[in-house]
1. Going through the stretch 9-24 one residue at a time, which ones are polar (S, T, N, Q) and either in a loop (DSSP other than H, G, I, E, B) or modelled with pLDDT under 95 (or both)?
2. Being out of contact with any Gly (no Cβ under 6 Å at 6 or more places or on another chain), of a type in the set (A, V, I, L, M) and more than 19 Å from Phe3 (Cβ to Cβ) narrows it down to one of Leu27, Leu79, Leu104, so name that one.
3. Which of the residues belonging to the stretch 25-50 are outside any helix (DSSP H, G or I) and either in contact (Cβ under 8 Å) with a residue 60 or more places away in the chain or under 16 Å from Arg66 (Cβ atoms) (or both)?
4. Which condition number in (1) under 15 Å from His75 (Cβ atoms); (2) of a type outside the set (Phe, Trp, Tyr); (3) at pLDDT below 95; (4) within 14 Å of the chain's Cα centre (by Cα) is the one that Arg35 fails?
5. Please tell me if Glu105 is more than 15 Å from the chain's Cα centre (by Cα) and surrounded by 17 or more Cβ atoms within 10 Å (Cβ to Cβ).
6. Looking only at the stretch 62-77, which residues are touching a residue at least 40 places away in the same chain (Cβ under 8 Å) and in contact with a Leu (Cβ under 7 Å, 6 or more places away or on another chain)?
7. Would you say Lys13 is without any contact (Cβ under 8 Å) to a residue 12 or more places away in the chain and farther than 12 Å from Leu100 by Cα?
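The values are calculated or read from the model by the stated rules, or taken from the named source; none is laboratory data. Predicted model only: the values in this text are computed from it and were never measured. Quick reminder, even Gly has a Cβ in these numbers, built from the backbone with ideal geometry, and neighbours come from all protein chains shown.
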Amino acid sequence: MRFFDAHCDTIGKIVEKKADFTNDESLHVTLPGMRAAGMGAQVFAVWAWHGHYRGEESEAALRMVRAVRDLCAEHSDDLLFATTGAQIADACAGSGPTVLIAGLEGSDPLGVRSMHSASFATKGCAC
């Protein structure tokens with residue numbers, strides 16, 4: 001059985017600082033580290049607090065979701081963007097690619113309009 005890590009802030013550093021997922025030692029989670037650990041699933045925290053992204057919370061969070069998807073596309077032999085519980089369970093039980101999950105941390109990107117949650121959900125982000 002492979003393990004499931006329920007939180008990392010790596011995607012913010014990749015988006016904001018252009019950190020390299022394949023070899024940046026300042027990241028807590030990297031592709032080589034995930035390979036070495038035999039990781040089954042990793043939740044990437046999609047955070048866009050009002051104090052930092054004033055007026056652009058939704059856009060910033062959606063950039064992070066896209067970045068998680070892009071990692072999966074760039075490294076499709078190793079990574080799969082998970083949109084179902086079955087994909088997560090299979091990845092943790094088997095030996096296929098590690099699944100990445102984009103998880104919305106905090107409600108700032110949702111704003112006051114509930115329609116934003118549907119926007120994130122259709123992009124594969126767990127709210």
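1. Filtering the stretch 9-24 for residues polar (S, T, N, Q) gives 10, 22-23.
Answer for the stretch 9-24, where residues must be polar (S, T, N, Q) and either in a loop (DSSP other than H, G, I, E, B) or modelled with pLDDT under 95 (or both): Thr22, Asn23.
2. Values: Leu27 fails: more than 19 Å from Phe3 (Cβ to Cβ); Leu79 fails: more than 19 Å from Phe3 (Cβ to Cβ).
Only one candidate qualifies: Leu104.
3. Residues of the stretch 25-50 that are outside any helix (DSSP H, G or I), as a first pass: 25-30, 38-49.
Correct list: Ala41, Val43, Phe44, Ala45, Val46, Trp47, Ala48.
4. Among (1) under 15 Å from His75 (Cβ atoms); (2) of a type outside the set (Phe, Trp, Tyr); (3) at pLDDT below 95; (4) within 14 Å of the chain's Cα centre (by Cα), Arg35 violates only (4).
5. Numbers: more than 15 Å from the chain's Cα centre (by Cα): no; surrounded by 17 or more Cβ atoms within 10 Å (Cβ to Cβ): yes.
It is false that Glu105 is more than 15 Å from the chain's Cα centre (by Cα) and surrounded by 17 or more Cβ atoms within 10 Å (Cβ to Cβ).
6. Restricting attention to the stretch 62-77, the residues satisfying the condition of being touching a residue at least 40 places away in the same chain (Cβ under 8 Å) are 62-69, 71, 75.
Selection gives Val68, Leu71, His75.
7. Working: without any contact (Cβ under 8 Å) to a residue 12 or more places away in the chain: no; farther than 12 Å from Leu100 by Cα: yes.
Taking the combined requirement at face value, the residue does not satisfy it.
Yes/no per residue for (1) assigned to a loop (DSSP other than H, G, I, E, B); (2) touching a strand residue (DSSP E or B) at 6+ places or on another chain (Cβ under 7 Å):
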| site | (1), (2) |
| --- | --- |
| His52 | no, no |
| Gly55 | yes, no |
| Ala60 | no, no |
| Arg63 | no, no |
| Arg66 | no, no |
| Ile88 | no, yes |
| Cys92 | no, yes |
| Ala102 | no, yes |
